[in-house]
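The values are calculated or read from the model by the stated rules, or taken from the named source; none is laboratory data. Treat the numbers as computed from the prediction; the structure is a model and nothing was measured. So basically every Cβ, Gly included, is an ideal-geometry build from the backbone, and we count neighbours across all protein chains shown. What goes into the accessible areas is simple: the full protein's heavy atoms, side chains included, and nothing from ligands, DNA or RNA. Shrake-Rupley method; radii C 1.70, N 1.55, O 1.52, S 1.80 Å.
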Amino acid sequence: QGKQHVIILEKKTGKHKRFLLPKSTREAIADYTRGMDSEDYLFASRKGDSHISTTQAYRMLQKAADALGRDDIGTHTMRKTFGYHHYKRNKDVATLQHIFNHSAPSITLKYIGITDDEIDKTMEDFSL
C-alpha cells in the first residue's frame with residue numbers, strides 16, 4: 001500500500017523487473033484494495049485459499065473479449081500493444097528494449113510492428 005512500483009520475476013528470463021505504476025493505476029489499486037488485509041490476494045480464487053492461476057486470468061480476459069466481440073485480445077497482444085503505444089508516444093526504443101529485455105533495438109521494433117516504411121516516414125521531412 002502506498003508503493004509506487006511493482007517488481008515482477010520474469011519466468012522466461014529469471015530476471016526481476018521493476019515498473020513504475022502510473023498515478024491513476026495506483027489510485028485504482030487503492031480503491032480496489034480498500035478494506036483488504038495486506039496478506040489478501042488481489043485476485044482470490046473461489047476454490048480454496050489461494051489466488052487465481054494465470055490460466056484463469058487468461059480465461060477471464062477471453063470472456064471479456066468475447067463480450068466485446070473481439071478475438072484479437074490476449075496477454076501477449078496486450079504486451080505488444082503496450083510496446084507499440086509506448087514507442088509512438090515516447091519514440092524511445094532503447095527504454096522499450098530494456099523493458100522487454102530484448103538484445104537489440106531491431107528486435108524491439110519488429111516485435112511491436114514498426115516497419116521500415118514507418119521508419120522511412122519519420123525521415124521524409126527531417127532536416128537539421
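Please state the relative contact order of segment 75-123 as a whole percent: Cα pairs under 8 Å, 6+ residues apart?
32
Classify the chain: rounded, prolate or oblate, from the alpha-carbon gyration tensor (a ≥ b ≥ c, eigenvalue square roots; a/c under 1.5 rounded; otherwise prolate if a/b is larger than b/c)?
prolate
What's the carbon and sulfur percent of the chain's accessible surface, probe 1.4 angstrom, rounded to a whole number?
Heavy-atom surface of the chain belonging to carbon and sulfur, 1.4 Å probe: 54 percent.
Which of the trypsin sites (Lys or Arg not before Pro) found in segment 43-128 are loop residues per DSSP with 15 or fewer other Cβ atoms within 10 Å of their Cβ?
Qualifying residues, ordered by number: 46, 47, 70, 91.
Hey, got a sec? Which chymotrypsin sites (Phe, Trp or Tyr not before Pro) in segment 30-128 land in a DSSP loop and have at most 16 other Cβ atoms within 10 Å?
The qualifying sites are 41, 43, 126.
Rounded, prolate or oblate, given the Cα gyration tensor of segment 20-76, with a/c below 1.5 counting as rounded?
It is oblate, given that a/c is not under 1.5 and a/b is not larger than b/c.
Go ahead and run the numbers for FRET between residue 128 and residue 84, Cβ-Cβ distance against an R0 of 25 Å, rounding to 0.05.
About 0.35, to the nearest 0.05.
List the GluC sites (Glu not before Pro) within segment 28-128 that DSSP assigns to loop and that have no more than 16 neighbouring Cβ atoms inside 10 Å.
39
Considering every Cα-Cα pair within segment 75-123, what fraction, in whole percent, is farther apart than 18 Å?
Summing the P(r) of segment 75-123 above 18 Å gives 20 percent of all pairs.
Just subtract the alpha-carbon distance of residue 61 and residue 6 from 0.36 nm times their residue separation and send over the number in nm, one decimal.
Gain in length upon complete extension: 17.7 nm.
Within segment 1-21, which residues have the backbone N less than 17 Å from the label spot 7 Å out from residue 31 along Cα→beta-carbon, could you tell me?
2
Solvent-accessible area per residue for the chain at a 1.4 Å probe radius, Å²?
Value returned for the chain: 84 Å² of accessible area per residue.
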